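The values are calculated or read from the model by the stated rules, or taken from the named source; none is laboratory data. What you see is a predicted model; the values in this text were computed from it and never measured. Glycine also receives a Cβ, built like all others from the backbone with ideal geometry; neighbour counts cover every protein chain displayed. Accessible surface is based on the protein model in full, side chains and every heavy atom, while ligands, DNA and RNA are left aside. Shrake-Rupley method; radii C 1.70, N 1.55, O 1.52, S 1.80 Å.
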Amino acid sequence: MAAVSLDDDLREVVAFRIGSQEFCIDIRAVREIRSWTPTTILPHAPSYIIGVINLRGSVVPIINLAERLGLGSLEPEARHVIIITVVEGQVVGLLVDAVSDILTLPPSSVQPMPKIASETTLSFVRGVITLDQRMLRLLDLIGVLPNVRRMM
């Protein structure tokens, strides 16, 4: 049996929850997962930007991902986590309820979005992954954070 190349045949994703909804992002965009840290508020920032944190000397914007996705707003608590990501060279934190899994999947497990989805949905979600009774939306971080280069 030949060895399986992860780059060619499998995809790794980090799965997480926002409320009862499940999402995932490509693991290659994830730098670290950390517990909630209070932020410093930025005046006149978009409502989905909670503020910034100091991450080992770097100023990192924190996005309330629930609000950005139109799922209401998470009120940050100690039980929440921040997924630190790198999007187009910019470090950005995503506030979520919890990280649930790191999954290794074949590319065929990602189904395309239905054509009836809105333009916003199509720009935020790359596809849907079904696992047993679960459905995870694979987020496109560049679509979710279109102004990432202008954040800082």
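In table form, for the structure just shown:
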quantity: Among the candidates Ile129, Ile63, residue that is of a type outside the set (S, T, N, Q), closer than 22 Å to Ile27 by Cα and touching a Cys at 6+ places or on another chain (Cβ under 9 Å); calculated: Ile129
quantity: Residues (open to solvent by less than 70 Å² (accessible area, probe 1.4 Å) and touching a helix residue (DSSP H, G or I) at 6+ places or on another chain (Cβ under 9 Å)) located in region 8-20; calculated: Leu10, Arg11, Glu12, Val13, Val14, Phe16, Ile18, Gly19
quantity: Residue in region 81-93 that is touching a helix residue (DSSP H, G or I) at 6+ places or on another chain (Cβ under 6 Å), polar (S, T, N, Q) and touching a residue at least 60 places away in the same chain (Cβ under 8 Å) present; calculated: yes
quantity: Candidate set from region 66-80 (those that are closer than 16 Å to Val99 by Cβ and out of contact with any helix residue (DSSP H, G or I) (no Cβ under 7 Å at 6 or more places or on another chain)); member that is most open to solvent (accessible area, probe 1.4 Å); calculated: Arg79
quantity: Hits in region 107-117 (condition: β-branched (Val, Ile, Thr) and touching a residue at least 24 places away in the same chain (Cβ under 8 Å)); calculated: Val110
quantity: Residue tally, condition open to solvent by 60 Å² or more (accessible area, probe 1.4 Å) and of a type in the set (Gly, Ala, Ser), over region 94-117; calculated: 1
quantity: Considering residues of region 118-134 that are within 18 Å of Ile102 (Cβ to Cβ) and either assigned to a helix (DSSP H, G or I) or in contact (Cβ under 8 Å) with a residue 24 or more places away in the chain (or both) only, the residue most open to solvent (accessible area, probe 1.4 Å); calculated: Arg134
quantity: Residue among Leu139, Leu69, Leu74 that alone is touching a residue at least 24 places away in the same chain (Cβ under 8 Å) and closer than 23 Å to Arg11 by Cα; calculated: Leu139
quantity: Residues of region 26-65 classified as open to solvent by less than 30 Å² (accessible area, probe 1.4 Å) and either farther than 13 Å from Gly93 by Cα or of a type in the set (Lys, Arg) (or both), total; calculated: 1
